[in-house]
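Notes for the one structure printed next.
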Amino acid sequence: MSRLLSREHRAVSTGRARSRASAFAARLGRALLRFVLLLLAASVIIFVLLRAVPGDPARVALGVSATDEAVAELSHRLGTDRPLVVQYLDWVGGMLTGNFGISMASGTELAPVVAERAGASLTLTVIAMVCSLAIAVPAGTYLARRRGHADAALINALTQVGIVVPSFLVGILAVACFSVRLGWLPANGWGTPSHIVLPVFALTLVQASILTRYVRAAISEELTKDYVRTARASGASVSTALARHALRNAALPVLTVTGVQLSTLIVGAVVIERVFAVPGLGSMLIDAVSTRDLTAVQTVMMCIVAFTLAVNLAVDVSYAAIDPRTRQAGRPGRFA
């Protein structure tokens, strides 16, 4: 009898596991489909808006003194003399194969330049987010535990200041203090670890302040729930209740906010790259806009959109993997 019950239990468990895996795979498929559709829609919007800009791109690149023959030759080389549908399909097909086209301003291939610039931007963004989380998680946890104390009020005030002050202003003040006045760090440039410190500091201060408040709110909410009170009543300390229960559950909303803030950080890095002369996608985008290099503008914008959507997709997948409720068959989760 016991063997029969054991077999039935294993069969039920296996069926539930398969059902959860099937539901998770279906939601993942919908998320991937949504990612592709949004990427496609973004490419159409970017292409149409840039083509609506008045003026011939080839003549703008060559100048008003260029001959009609030279303009026609450059237009043929760039493909701007073709129908818009053909131009769009050529651009999208090239992006999928790693051929980003030719810069209208310099006449060089964009793919190696974009790859180099993207490396600098990703390095700056990832380091800034890691530093922000390294500050926000312990700071937010401390604030949740010390709620109502004077030191917590002081840290709350500091985070409020960090949220209000824009990152580019933090960058300018950091340059004036640590580069011009003290001479400790280089004011601009790229290539050594010392060049990363100030731009990362400018981005981290704002992001860490925002994330700290979200972490504090999430953990404060978890500490008021019944399962934490039960753990405390059974003799567990606050630290034990946090480590075993509250932190894991609080990680779910914090993960969502982190994804949103990482997308914001990508946009904020555009200005910071300009302030510190970082050779990233942000600087490349501003230079391309100033020279009306439409090919470079649409390529860089598409790369930024793709990275932002990829971050959101990764957050959705991570959320579903962490939270078992989103993997239950027949129950809607973040993918639904």
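Some notes on this structure:
- Residue match in the stretch 100-107 (condition: buried (at least 19 other Cβ atoms within 10 Å of the Cβ) and under 17 Å from Ile219 (Cβ atoms)): no
- Counting the residues of the stretch 102-158 that are under 17 Å from Ala250 (Cβ atoms) and β-branched (Val, Ile, Thr) gives 3.
- Looking only at the stretch 160-177, and only at residues there that are of a type outside the set (A, V, I, L, M), within 18 Å of Val200 (Cβ to Cβ) and touching a residue at least 24 places away in the same chain (Cβ under 8 Å), the one that is surrounded by the fewest Cβ atoms within 10 Å (Cβ to Cβ): Pro166
- Only one of Ala120, Ala187, Ala176 that is of a type in the set (A, V, I, L, M, F, W, C) and in contact with a Pro (Cβ under 6 Å, 6 or more places away or on another chain): Ala120
- Test result for Thr125, closer than 22 Å to Leu285 by Cα and part of a helix (DSSP H, G or I): yes
- The stretch 101-124 residues that are over 19 Å from Gly268 (Cα atoms) and free of Cβ contacts under 8 Å to residues at least 40 places away in the same chain, paired with ones that are of a type outside the set (A, V, I, L, M) and crowded, with 19+ Cβ neighbours inside 10 Å (beta carbon under 7 Å, 6 or more apart): Ala111/Phe100
- Flag if Val130 is surrounded by fewer than 14 Cβ atoms within 10 Å (Cβ to Cβ), in a helix (DSSP H, G or I) and modelled with pLDDT of 85 or more: yes
- Annotation for the stretch 184-191: no member residue is in a helix (DSSP H, G or I), out of contact with any strand residue (DSSP E or B) (no Cβ under 9 Å at 6 or more places or on another chain) and surrounded by 14 or more Cβ atoms within 10 Å (Cβ to Cβ).
- Condition met for Val48 (modelled with pLDDT of 80 or more, under 26 Å from Ala115 (Cα atoms) and exposed (fewer than 12 other Cβ atoms within 10 Å of the Cβ)): yes
The values are calculated or read from the model by the stated rules, or taken from the named source; none is laboratory data. Since the model is a prediction, treat every value here as computed from it, not as a measurement. Backbone-built Cβ (ideal geometry, glycine too); neighbour counts: all protein chains shown.
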